[in-house]
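Quick notes on the structure that follows.
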Amino acid sequence: MARYTRVKGSIALITLTNPPVNALSAAVRRGIVESVSRALKDEQVKAVVFCGENEKFCGGADIKEFSGSMSGPPLVPMIHSMEAGEKPMVAAIEGVALGGGLELALGCHYLTLGLLPAAGGTQRLPRLIGIPAALELITTGRHVSAQEALQLGMVDQVTEGNAVQAAMELALSVIGQPLNPCRLSLRAPVWAPDVDSVCDAALAQVKQRSRGAMAPVACVQAVRAAAMLPYGKGMERERQLMDTLFRSGQARAMQYAFFAQRNAGKWSLPNGAQWNNTKARDVQRAGVIGLGTMGQGIAVSLVKAGISVVAIETDIKQLESGKKAVTAMLQRDAQRRGVSPPLHLLTFSLSFHQLGDVDLVIEAVFEDMNLKKRVFSDLCKVLRENALICTNTSGLNVDELAAVTDRQPLVVGMHFFAPAHVMKLLEVVYGSRSSPEAVAMAVALGKRIGKVCVTVGNCSGFVGNRMLKLYLDQSVYLLEEGATPEQVDQALEEFGFAMGIFKVGDLSGLDVGWRVRKASGLIGPDVDPVKPSRWRLGRRYCPLPDMLCQQGRFGQKTGRGWYLYDSPGSKEAKSDPEIRNFLEDYRRKYGIIPRRITSQEVIERCAFILANEGFRILEDGIAAGPEDIDVIYLFGYGWPRHRGGPMFYASQVGLSAVLEKLEHYHRVHPDVSSLEPSRLLRRLVAEGNPPIQQWKSHIKNLRSHL
Ligand code: NAI
């Protein structure tokens, strides 16, 4: 776990060996402590070099250990004894030095490259690079390059060649030099007259950026301590803050989210096929049909990953505007990264005949079943017989689309999120006839273009949008009952969402949902425009969003939506008194007596409706486990990471409490059937509230009884 070798006669080389990233597990820490003590005792050894196996210095703490009680030597005294050692210690950083990995390096006297804290990192880093730079790095967790680390003064030397070799040469050259100046813990606090205002500004910034998250706030408090207090006191403060974080549910939620994300790509299908028993064919060349909002982003993602793309549009005007947008995005990206844009990988065309040699096609035309069916059957006339056909539909039936093709096993959904070249989530939707190879190929492609892939079954809206629909319903019911868009959004933002649901609606365009509701028969000529009904297709219905669209209020694009904007396209949402009057008129018209709605009710109704539908999705076998649902909400819908995801949140609040609340809200709103607690939730409560990690096995047993 830490290999000790003697090199060049007088150097002890300590190599961390814990693949894949040499995380600081108990065994690695034990290895380091033993090796350091051996090196300090060995009179032949004059200097010590640390490195990591496989050209990765150290990825930080071993998160697996956070959930149990810690064993093995603790990190803080280990780093202290390294720093206090009477022989120069040099960290040869290759690849990464993250979190505890950087703290380990900071305990050395010299570094040959670097990155990021809670084992003294918040106290040592500011002493090395100053308060403003340390605050920025610690609160954002931004990774810095070797060159930037050198400029910041984090590392002593950067080498193009072998870092371990360079570290050994550095070690040999400093033997005998005094070590105290290199011991960061001995440096005085880096107090400067403006420290307070720098820390206050950082605090305001992290509160704004990571709403409701405790860790970034604690980071600022720890760095402030580094500026104000002697090292020992600062370390005490760091430990107190760390203890508070560890005890908070937020740390558990973050760890849960980390593992849920890591396991998301390990898909399995009901027929037993899964990620490790199915081979994926490689994709060299892909087609993208439709160069609108989504097609553009999809084409950009593919090309950036080195895949050549044939992009198809219906008419020359659309083709030209799509081409311009895709080219501009690729050029901006290339400029940022200092490389030339891979425009040679792109072909634009109005003809499907260009698609003869592609391995896979992603369809992103309008959300219209008949149009998509036409496109699918036309594609079969030109594609190679083993080419995959994928649809980016937001929720249409993948089986119905597959049925018009000559290759049902090769049809899957690849549901991207807007903007497709930025958003990390990809729902890979398997239909009842999709082959495991097709799923494997879509997931492999998703991973290659940097997406977090979650494999889900076929139903209306799949996982994300099926749940979103009910969450949207609750938010507008809250308006009917007495809330304002501002109140609902504020409660959601305080909970941790980056943006409230009404602001999100204004941003993505309220006309989008309006068109979908028209197409699904919820809006039609029978609806009274003056007093539209609040009951449609057998369910409670809120006509407020339609009424807004009738007034031309589509959101940011028209300068008016749930909020007011200075001009069409501008982004700053302002309260609109007209909306208040509009809501009051509406309630009067329907005889609704408004009541005061608390933030707690907003959160309960929005979060618990999501979890309740998540349980139904698990009952139906549409998602393989609660972690998959949570990953979808974390990466596609802005759910705050420090709250784990809607299913984790329900488990943290307690399933009995969630059940009680849903029963209560369903009693108050008997006409909203989605508030009725799901059978699975009831069964899990009856089974004694098992922890979320055990739900999967309970679900397996329970499914046969449901
Ligand atoms: P869009 O309206 O921006 O673009 C659709 C494009 O398809 C247009 O440029 C149109 O000219 C083109 N098109 C229509 N028929 C065609 C044909 N026969 N051949 C080639 N091109 C054709 O629509 P958007 O927003 O890009 O949506 C596309 C699909 O992605 C829809 O199914 C939508 O539900 C889905 N989607 C949309 C998301 C969004 O946030 N906009 C998010 C996730 C999925």
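Would you work out which of S351, T327, G446 lies farthest towards the positive end of the dipole of segment 285-462? Charges go on Cβ: Lys and Arg +1, Asp and Glu -1. Towards the positive end, the residue furthest out is T327.
Placing +1 on the Cβ of every Lys and Arg and -1 on the Cβ of every Asp and Glu, with nothing else charged, gives the chain a dipole about its Cα centre of roughly 500 debye. Please identify which residues in segment 276-293 have an amide N closer than 16 Å to a label point set 7 Å out from the Cα of R374, following the Cα→Cβ vector. Hits in segment 276-293 for R374 at 16 Å: 289-291. Largest first, the three principal axis extents of the alpha carbons in the chain are 92, 61, 56 Å in whole numbers. Over segment 487-533, the reciprocal of the mean inverse Cα-Cα separation, the Kirkwood hydrodynamic radius, stands at 12.6 Å. Peptides 478-491, 366-379 ranked from most to least packed, by the mean per-residue count of other Cβ atoms within 10 Å: 478-491, 366-379. Rg ratio for segment 285-462: its Cα radius of gyration over 2.2 N^0.38 Å, N being its residue count, equals 0.95. With the convex hull drawn around the C-alpha atoms of segment 2-249, the volume per residue stands at 116 Å³.
Find, among the GluC sites (Glu not before Pro) in segment 377-444, those assigned to loop by DSSP (not H, G, I, E, B) with at most 16 other beta-carbon atoms within 10 angstrom.
Listed in order of number, the matching sites are E385.
With a Förster radius of 30 Å applied to the C-beta separation of D194 and Q335, the computed FRET efficiency comes to 0.30. Of the residues G290, Y256, W275, the one whose Cα sits farthest toward the positive end of the charge dipole of segment 212-322, with +1 on the Cβ of Lys and Arg and -1 on the Cβ of Asp and Glu, is Y256.
Over 18 Å, how big is the tail of the calculated P(r) for segment 483-590, in percent of all Cα pairs? When every Cα pair of segment 483-590 is considered, 52 percent fall beyond 18 Å. Helical runs assigned H by DSSP (4 residues or longer) give the chain a calculated mean residue ellipticity at 222 nm of -15000 deg cm²/dmol, each run adding -39500 (n - 2.57) before division by the residue total. The trypsin sites (Lys or Arg not before Pro) found in segment 568-622 that occupy coil by DSSP, while having at most 13 further C-beta atoms within 10 Å, are K571, R595, R596.
Take D671, project a point 7 Å from its Cα along the Cβ direction, then tell me which residues of segment 555-594 have their backbone nitrogen under 19 Å from it. Within reach of a label on D671, which here means backbone N under 19 Å from a point 7 Å along Cα→Cβ, segment 555-594 contributes 583-594. Taking every DSSP beta bridge that has both residues in the chain, what percent is antiparallel when rounded to the nearest 5? For the chain, the DSSP antiparallel bridge percentage is about 30.
Per residue, the accessible area of segment 2-249 comes to 43 Å², computed with a 1.4 Å probe over protein heavy atoms only. For segment 285-462, the antiparallel share of DSSP beta bridges with both residues in that region comes to about 15%.
Note on segment 161-231: Kirkwood radius taken over Cα pairs, Stokes-Einstein applied at 10 °C and 1.306 mPa s, translational D equal to 104 µm² s⁻¹. Given +1 at the Cβ of Lys and Arg, -1 at the Cβ of Asp and Glu and no other charges, the dipole of segment 285-462 around its Cα centre is 640 debye to the nearest 20.
If R0 equals 41 Å, the separation of the Cβ atoms of K447 and E578 corresponds to a calculated FRET efficiency of about 0.30. Label sites at E148 and E687, each approximated as a point 7 angstrom past Cα along Cα to Cβ, lie 4.5 nm apart.
The values are calculated or read from the model by the stated rules, or taken from the named source; none is laboratory data. None of the values given here were measured: they were computed from a predicted structure. Neighbour counts are summed over all protein chains in view; Cβ atoms, including those assigned to glycine, are modelled from backbone coordinates with ideal geometry. For accessibility, only protein heavy atoms count, side chains too; no ligands or nucleic acids. Shrake-Rupley method; radii C 1.70, N 1.55, O 1.52, S 1.80 Å.
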